[in-house]
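Please treat every number below as a calculation from the coordinates, not as lab data. Since this is a predicted model, take the numbers as computed values, not measurements. A quick note on method: Cβ atoms are made from the backbone with ideal geometry, for glycine too, and the neighbour counts reach across all protein chains shown.
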Amino acid sequence: MSHIHPTAVIHPGARLGADCEIGPYCVVGPHVELGDGCRLHSHVVIDGHTRLGSQNEVFPFACLGKQTQDLKWNGGITRLEIGDRNTIREGATIHTATEDGHATVIGSDNHLLSYTHVAHDCVLGNRIIMSSFAGLAGHVVVEDQAVLGGYVAVHQFCRIGRLAMIGGCSKVRQDVPPFMLADGSPATTVTVNKVGLDRAGVPGETQAALRQAYKLLFREGLSVSTALARIEQELPPLPEIVHLVQFVRASQRGLSR
């Protein structure tokens with residue numbers, strides 16, 4: 001049994017799981033699916049072809065699943081897919097994709113704080129924190145456990161690596177590698193994200209290898225290809241080192257160096 005406030009407007013076509021709570025003046029569109037135990041505080045709008053997993057909590061004035069702001073939108077069915085146990089705070093906006101059949105995708109256990117924005121075709125992993133007023137342009141990829149400070153702005157098609165942290169008010173226009181800390185306008189990679197690595201339980205041996213990889217990539221004046229070759233030759237093939245190398249090698253926009 002779901003609990004729906006009498007002032008909420010729920011389209012008959014919407015599908016609600018068990019034990020959902022829909023607060024005053026919420027609006028839920030005809031193609032929306034809410035998993036078990038979702039809670040919408042007052043004045044939440046969820047529309048479009050949008051699916052939320054279980055136990056998500058959405059705070060007042062958030063707007064999810066509306067049409068992309070991309071001027072290339074030309075109709076069709078575009079989607080928003082959200083996982084489980086996410087917290088979406090006041091005034092946050094998350095849009096569907098631009099092209100027919102595509103989706104904006106958000107994983108599980110993320111915290112999107114007040115007035116954050118996730119644009120069309122973004123892909124977010126799990127356990128990410130976006131602080132208030134942080135914004136992602138279209139086609140941005142954010143890997144697991146990344147942290148974006150307040151007022152961070154990320155250019156379209158950029159990637160933010162796993163366990164990376166971006167300082168508040170930074171302007172990100174190139175990829176931020178995993179396990180690193182970036183800051184500034186434009187953002188540059190300034191050091192290894194030691195606090196994040198400690199909190200994630202990454203062992204000291206791995207952190208030491210990441211520090212050496214950081215020096216090769218950002219402090220030795222080497223080309224990226226040369227730095228990657230030396231990392232693979234000189235450092236142990238730990239999972240984090242392998243992931244870092246693969247991330248950098250796949251970069252299309254270049255690194256925030």
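Computed values, structure above
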{"item": "Relative packing of 215-224, 99-108, which averages over residues the other C-beta atoms within 10 Å, highest first", "result": "99-108, 215-224"}
{"item": "Counting all C-alpha pairs of segment 140-257, share separated by more than 26 Å (%)", "result": "12 percent"}
{"item": "Whole-number D in µm²/s for segment 3-139 (Stokes-Einstein; Kirkwood sum over Cα pairs; 20 °C, 1.002 mPa s)", "result": "149 µm²/s"}
{"item": "Electrostatic dipole magnitude of the chain [Cβ: Lys, Arg +1; Asp, Glu -1; Cα centre; debye, to 20]", "result": "700 debye"}
{"item": "Linear extension gain, Ser185 paired with Ser225, 0.36 nm per residue minus alpha-carbon span", "result": "11.9 nm"}
{"item": "Helix 204-218 axis, angle to the chain major axis (alpha carbon atoms, nearest 10°)", "result": "80 degrees"}
{"item": "Segment 198-249 shape via C-alpha gyration tensor axes, a/c threshold 1.5", "result": "prolate"}
{"item": "Relative contact order computed over the chain (Cα-Cα under 8 Å; 6+ residues apart), in percent", "result": "9 percent"}
{"item": "Segment Glu99-Lys72, extension gain: residue separation times 0.36 nm, minus the distance between their alpha carbons", "result": "8.9 nm"}
{"item": "Dimensions (Å) - the chain, Cα atoms, principal axes, largest first", "result": "64, 39, 29"}
{"item": "Counted charge near Ile22, where neighbours are those whose Cβ lies closer than 15 Å (Asp, Glu -1; Lys, Arg +1)", "result": "-4"}
{"item": "Angle in degrees between helix 224-234 and the longest Cα principal axis of the chain, rounded to the nearest 10", "result": "70 degrees"}
{"item": "For segment 104-183, alpha-carbon Rg and Dmax in angstrom", "result": "10.5, 26"}
{"item": "Virtual spin-label span in nm between Thr206 and Ala18, 7 Å along Cα→Cβ", "result": "3.7 nm"}
{"item": "Helix axis angle, 239-249 relative to the chain longest principal axis, alpha carbon, degrees", "result": "90 degrees"}
{"item": "Centroid-to-centroid separation of segment 58-131 and segment 183-221 [C-alpha atoms, Å]", "result": "29 Å"}
